[in-house]
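Report on the following structure.
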Amino acid sequence: MSIRVMLVDDQVLLRTGFRMVLAAQPDMEVVAEAGDGAEALEVLRSTAVDVVLMDVRMPRLDGVEATRRICAGPDAPKVLILTTFDLDEYAFSGLKAGASGFMLKDVPPAELLAAIRSVHSGDAVVAPSTTRRLLDRFSPMLPSSGRDPEHAEVGKLTEREREVMLLVAQGLSNGEIAARLVLSEATVKTHVGRILTKLSLRDRVQVVVLAYETGLVRAGGGGR
């Protein structure tokens with residue numbers, strides 16, 4: 001089955017470029033487009049979508065608020081935030097809103113396609129180490145969530161799950177975590193799944209965000 005993709009960007013030329021790249025793939029189909037967040041929400045009411053490529057800065061309703069509303073709904077599609085990085089302090093807010101990751105607008109086509117396939121397959125993470133660097137850069141600029149480092153949500157985890165969560169938040173893959181903790185990769189995957197379930201999180205990117213908010217990881221990547 002084809003991956004159903006929606007393009008949300010107020011720049012028609014960018015949408016056209018992305019559409020051409022995706023249309024050349026046998027496993028992808030652009031099923032919808034929108035010029036801003038408000039239009040995207042309207043289109044999604046009647047169109048089934050698997051992955052949304054979401055710009056941040058748009059008129060009427062920006063990508064962060066649109067992402068928050070999309071991800072709050074049942075059976076929500078996965079959202080990849082599109083950012084210019086150096087200009088967009090809002091990318092972190094997009095991740096907090098429920099996005100599964102972010103991509104630079106000038107990303108090479110092969111990386112964009114790999115990211116779409118990754119989130120569609122359930123991996124739901126785009127370059128966790130890069131995501132961590134984004135959090136390191138922007139989290140000091142954003143208002144504190146006010147959460148206590150020993151938040152009740154993290155208290156639901158076992159000692160091993162907390163250990164795995166810390167390593168996920170530091171950008172390690174399942175394979176790297178397995179090597180670090182001398183576990184099988186399958187065991188690590190099980191731990192990650194339990195962490196997501198216990199904390200009611202959508203994916204590994206949300207694990208990174210929560211780890212920052214609760215103080216398990218501080219800007220610079222260090223654990224507490």
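Descriptive notes on the structure:
- Chain lengthening between residue 19 and residue 1 when straightened (0.36 nm per residue, less Cα-Cα): 4.7 nm
- With contacts taken as Cα pairs under 8 Å at a separation of at least 6 residues, the stretch 15-67 carries a relative contact order of 31 percent.
- Amide H contacts of residue 33 (H built 1.01 Å from N, under 5 Å, at least 5 apart or other chain): 7
- Hits among lysines - C-alpha to C-alpha of residue 105 under 19 Å, sequence gap 8 or more where chains match: 78
- Net length gained if the chain between residue 57 and residue 173 were fully extended (0.36 nm per residue, minus Cα distance): 38.7 nm
- Computed over the stretch 31-96, relative contact order equals 32 percent, with contacts defined as Cα pairs under 8 Å that lie 6+ residues apart.
Read-outs: derived from the displayed coordinates by stated rules, not from any lab. Computed from a predicted model, the values in this text were never measured in an experiment.
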